[in-house]
1. Could you check segment 75-148 for strands (runs of 3 or more DSSP E) lying wholly inside it with 3 or more residues that are out of contact with any helix residue (DSSP H, G or I) (no Cβ under 7 Å at 6 or more places or on another chain)?
2. Working only within segment 65-78, note down all residues that are among the hydrophobic types (A, V, I, L, M, F, W, C) and either surrounded by 17 or more Cβ atoms within 10 Å (Cβ to Cβ) or in contact with a Ser or Thr (Cβ under 7 Å, 6 or more places away or on another chain) (or both).
3. How many of the residues making up segment 242-278 are more than 21 Å from Pro9 (Cβ to Cβ), open to solvent by 20 Å² or more (accessible area, probe 1.4 Å) and not hydroxyl-bearing (Ser, Thr, Tyr)?
4. Could you please let me know if Ala218 is part of a helix (DSSP H, G or I) and closer than 30 Å to Ala116 by Cβ?
5. Among the listed residues Ala44, Ala17, Ala38, identify the single one that is open to solvent by 40 Å² or more (accessible area, probe 1.4 Å), in contact with a Phe, Trp or Tyr (Cβ under 8 Å, 6 or more places away or on another chain) and touching a residue at least 60 places away in the same chain (Cβ under 8 Å).
6. Pick from segment 115-142 the residues that are under 19 Å from the mean Cα position of the chain (by Cα) and surrounded by 14 or more Cβ atoms within 10 Å (Cβ to Cβ): which of them is farthest from Thr198 (Cα to Cα)?
Amino acid sequence: MMSPVKREPLDARLSAALPETVDLRLVVTDMDGTLVDAESRLPAGLDDAVTEMRKHGILFAPASGRQMANLRSVLGAAVEDSPLIAENGSFVVHDGVEIHSATITPDEARAAITAAHRLAAEGRDLGAVVACKERAYTERDDAPFAAQIGIYYTAHQVVDDLLALPLDTVLKVAIFDFDNVEDGTAEAMRAAVPTVQTVVSGKHWVDLMSHGADKGRAVGAIQERLGITPAQTAVFGDYLNDLGLYDYSELSFAMANAHPGIHEVARYTAPANTEDGVLRAVAALMERLPADRA
C-alpha cells in the first residue's frame, strides 16, 4: 500500500486566520489555475484525500468551465459520488440527476458564432466552441487549437459549420483566443451578444452563457438539495468566472496565484495551484472539525 502523500502545512499566518472550529460539509473547487497545476496535472494523492474527506462526511465537488464528460474522465474515482458543476455553472449533476441547467437561445448562439467568425476574418487567432450537454463542437481542427480544446472537452466533434448545427440546447459558446481575451475579444463578444453574460474564464477564454448560469447559483442548488449552509462550505477559485462562488461560502479561499478580483472577495488565501494549495487548505480545515467528526 502506498504511503499517504505528505503535504507542507499552511504558513502560520494563514493557519492563525482560520476559525478554531469548522463544520465543513462541502468543498467546491475550480479546476484550472486552482486544483490542477500549470501543466493541468492533478495534485498527487487526490483520490486518497477525497476518500479521507468522505470518511468525515465532506463532499468534494469540482466547479469548472470544463464539460461534464471531461470532469468525469479527468477526476475519475474522486468524483464518483460528487456533485459536478460543469460549463461554468450551466450544467449541474448529482447522483446521475440533473439538478440545474441553463441554455442560451438559438439566436444568441448564432450571434456569438457569427461574431467569432467576424473576429477571425479580421485576423484574430481564435475559434469558437459550441458546448452542449453531451458534446462540444468546433470548426477549427489545427493541432495548436485542438490541443487547447482537448484539455477541457473530452466529448468533442469537428464540424464544417457551427451555424448548421441545431442550436436549441446550447449551454454556452466559448471563445479561445491565442492572445489575451481581455485585449479586445471579450469586449467585442459582449457587444455582439448583449443579452447573455460574457465571462472571462482565463487569459485565453471568454464564455457567453445564460444569465442563469453561474458557479455560485450551482453551489446554491447543491446546498439546497443537500441541506448544507454557506458556513459549512469551502470554495476555492482563481479567476473571474469563479466570483459567484464567494456568495455561497463563509470559508472562501483565493489561490495565491488568483486574479486580483478574486482576492478582493475571498476571506482567506490558499497556496498557489502549483503548491497543492487546495488540498493543503482542506487538510488545515479538517484539523478544525468538531471533536465528534474528527
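1. Those strands (runs of 3 or more DSSP E) span 97-101.
2. Selection gives Met68, Ala69, Leu71, Val74, Leu75, Ala78.
3. Total meeting the criteria: 8.
4. Numbers: part of a helix (DSSP H, G or I): yes; closer than 30 Å to Ala116 by Cβ: yes.
So Ala218 passes the test.
5. On inspection, the qualifying residue turns out to be Ala17.
6. From segment 115-142, those under 19 Å from the mean Cα position of the chain (by Cα) are 128-136; that's our starting set.
Among the residues that remain, those that are also surrounded by 14 or more Cβ atoms within 10 Å (Cβ to Cβ) are: 128-133, 135-136.
Working: Ala128: 14, Val129: 14, Val130: 14, Ala131: 15, Cys132: 17, Lys133: 19, Arg135: 21, Ala136: 18 Å.
Looking at the filtered set, the residue picked out is Arg135.
The values are calculated or read from the model by the stated rules, or taken from the named source; none is laboratory data. Please read all numbers here as calculations on a predicted model, not as lab measurements. Every residue, glycine as well, gets a Cβ built from its backbone with ideal geometry; the counts of neighbours run over all protein chains shown. These area figures cover heavy atoms from the full protein model, side chains too; ligands, DNA and RNA do not enter into them. Shrake-Rupley method; radii C 1.70, N 1.55, O 1.52, S 1.80 Å.
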